[in-house]
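Just below is one structure, and these are the notes that go with it.
Just so it is clear, none of the values below were taken in a lab; they were calculated from the coordinates. This structure is a prediction, so every number in the text was calculated from the model and none was measured. Note: ideal-geometry Cβ built from the backbone for every residue, glycine included; neighbour counts use all protein chains shown.
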Amino acid sequence: MNQLIDFLRGHASARQFTDQTISLKDERMILTTAQQSPTSSNLQGYSIIAIREQATKLRMSELCGNQQHIIDCPLFLVFCADLYRLRRVSERAGYPFFGEYTELFIVATVDTTLAAGRALMAAQAMGMGGVMVGAIRNHIAEVSEKLALPELVYPVMGMSLGYPSVEPKVKPRISLDGIRFAENYEPEKIDPAISEYDERLIQFGHLQGREVQPEKYPEFKGRYTWSEHTARRLANTSPTTRRPHMKHYLKSRGFILK
Ligand SMILES: Cc1cc2nc3c(=O)[nH]c(=O)nc-3n(C[C@H](O)[C@H](O)[C@H](O)COP(=O)(O)O)c2cc1C
């Protein structure tokens, strides 16, 4: 029990990998473990594309802002929300199907995310490491075409997995005081928690040399805190940050039409 808690509290994303491959047996163990995640009404609204071919990883990296770990990892997984299989279930049973409703989109997205979280945990428990890749949505139409995704299937996130070549550092989180509220939402707790976290993350040293768009803020002379970093991220108007294509893309694939 305590071992599991320690394990969970030791989570850190890994982005640097050795050359060691992941066997098909170990991949299967990771994914069947992930499959035991809770799933809304046992619908299991997701699919996973396992990519090992170097050429495909290269293409995925290009489409994900040239993230090097996608090329270096032995196994790149793409977790897709999937209503296509469920539509098939309804068709086979001779019932109507309502995949266009936003609620089913949420159901499939949540199921996918829960499974992805456990896949990463399972890999970590087996001595591997990895990182989730939201940048899979930077060029989501191209990714979908490359992976031959049918309608009612969309990539929620990628995941680079492998054996870490350096031990990743556990990153501190916002104090629970700014996250957990008693009985009702407590907005007054937010500012103190942000200020405290800014100080703590500076001590952690994680943000040094990682300024977001420094060329855009030449006048900035303050301390580069998590707030500054995060606010710049949120202010970033680049298409790969805002991903303005998502609404149209999802609708074109049959999601969120109602
Ligand atoms: C849905 C999701 C998408 C992410 N996408 C990326 C990504 O594209 N590239 C990357 O390097 N890290 C990505 N991350 C990793 C986060 O940056 C990381 O989890 C966060 O900074 C906290 O660090 P930690 O996981 O080491 O604790 C993603 C994480 C999540 C949950």
Ala55-Tyr95 pseudo-label distance in nm [points 7 Å out on the Cα-to-Cβ vector] | 4.3
Can you list the aspartates and glutamates whose alpha carbon is less than 13 Å from that of Lys25, not counting same-chain residues fewer than 8 positions off?
-> none
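Go through Lys57/Lys251; Lys169/Lys216; Lys171/Lys251; Lys221/Lys247 and tell me which ones have a Cα-Cα distance over 32 Å in this structure. Show your work: numbers first, answer last.
Working: Lys57/Lys251 27 Å; Lys169/Lys216 29 Å; Lys171/Lys251 36 Å; Lys221/Lys247 37 Å.
Over 32 Å apart, Cα to Cα: Lys171/Lys251; Lys221/Lys247.
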Summing -39500 (n - 2.57) over the DSSP H runs of n ≥ 4 in the chain and dividing by its residue number, what mean residue ellipticity at 222 nm do you reach, to the nearest 500 deg cm²/dmol?
-> -13000 deg cm²/dmol
Ala193-Thr32 pseudo-label distance in nm [points 7 Å out on the Cα-to-Cβ vector] | 4.0
Between Met157 and residues 5 or more places away or on another chain, the pairs with built amide H atoms under 5 Å apart involve Phe79
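How much space per residue, in cubic angstrom, does the convex hull of the C-alpha atoms of the stretch 176-240 take up?
Values: hull volume 8.1 nm³, N = 65.
Value for the stretch 176-240: 124 Å³ per residue.
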Taking the Cα centre of the stretch 40-155 as the origin and placing charges on Cβ (Lys, Arg +1; Asp, Glu -1), which of Val107, Met126, Gln44 is farthest toward the positive end of the dipole?
-> Met126
Work out how much length Gln208 to Val166 would gain on full extension: take 0.36 nm times their residue separation and subtract the Cα-Cα distance, in nm to one decimal.
-> 13.2 nm
In vacuo Debye scattering of the stretch 1-148, one point per C-alpha: log10 I(q)/I(0) at q = 0.11, 0.17 Å⁻¹?
-> -0.48, -1.06
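So which GluC sites (Glu not before Pro) in the stretch 180-215 pass both tests, a DSSP loop state and at most 16 other Cβ atoms within 10 Å of the Cβ? Numbers along the way, then the final one.
Numbers: sites: Glu183, Glu188, Glu196, Glu199, Glu211, Glu215; in loops: Glu183, Glu211.
Listed in order of number, the matching sites are Glu183, Glu211.
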Compute the FRET efficiency between Arg88 and Tyr185 as 1/(1 + (r/R0)^6), taking r as their Cβ-Cβ distance and R0 = 51 Å, and round to the nearest 0.05.
-> 0.80
Using 7 Å Cα-to-Cβ label points, what is the Leu8/Asn66 separation (nm, one decimal)?
-> 3.9
Can you give me the relative contact order of the chain as a percent, contacts being Cα pairs under 8 Å and 6 or more apart?
-> 25
Beyond 23 Å, what percent of the Cα pairs of the chain remain?
-> 61
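If N is the number of residues in the stretch 124-233, what value comes out of its Cα radius of gyration divided by 2.2 N^0.38 Å?
1.43
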For the stretch 25-69, divide the Cα radius of gyration by the Kirkwood radius and give the resulting Rg/Rh value with two decimals.
-> 1.11
DSSP-assigned coil residues among GluC sites (Glu not before Pro) in the stretch 7-106, each with at most 15 further Cβ atoms within 10 Å | Glu53, Glu100
The stretch 176-240: relative contact order from alpha carbon pairs under 8 Å, six or more residues apart, as a whole percent, is 30
